[in-house]
1. Within the range 66-85, is there a residue that is surrounded by 15 or more Cβ atoms within 10 Å (Cβ to Cβ), at pLDDT 90 or above and among the small types (G, A, S)?
2. Look through A89, A63 and report the one residue that is part of a helix (DSSP H, G or I), open to solvent by less than 100 Å² (accessible area, probe 1.4 Å) and modelled with pLDDT under 90.
3. Within the range 66-77, track down each residue that is more than 21 Å from G90 (Cα to Cα) and in a helix (DSSP H, G or I).
4. Would you please name the residue that is nearest to the chain's Cα centre (by Cα), looking only at residues in the range 14-35 that are among the small types (G, A, S) and in a strand (DSSP E or B)?
Amino acid sequence: QNTQQYGGRPFGVGMLVAGCDETGPHLFEFNPSGTVFDYQAMAIGARSQSARTYLEKHREAFATCTLDQLILHALLALRDTLPPDQQAAGLTPLNVSLGWV
């Protein structure tokens, strides 16, 4: 019903998909409205604005970073999204999972 009437919020999920082809790396955001955006760096979800701010501030350096440096940037951006009651504990194996392909 929500997706069939004007003004209803659609059900769905936001998703980031990364890939690489002959023109270089790409990061796409897919959102529930059906729109797709191409980014160089992006964060979505609760409290993601602080992560986007970090990524925008450091975006120029990403092209020359090693994999380990890129992972560090991702973790630093993620750290900025922690709610105030978790900031003292920081990022731990209990609240972060990391993977890459």
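1. Yes: one or more hits.
2. Matching residue, one of A89, A63: A63.
3. L67
4. If we take residues in the range 14-35 being among the small types (G, A, S) and in a strand (DSSP E or B), then A18 is nearest to the chain's Cα centre (by Cα).
The values are calculated or read from the model by the stated rules, or taken from the named source; none is laboratory data. Predicted model only: the values in this text are computed from it and were never measured. For neighbour counting, all protein chains shown are included, and Cβ atoms are generated from backbone atoms with ideal geometry for every residue, glycine included. Heavy atoms of the whole protein, side chains included, go into the accessibility calculation; ligands, DNA and RNA do not. Shrake-Rupley method; radii C 1.70, N 1.55, O 1.52, S 1.80 Å.
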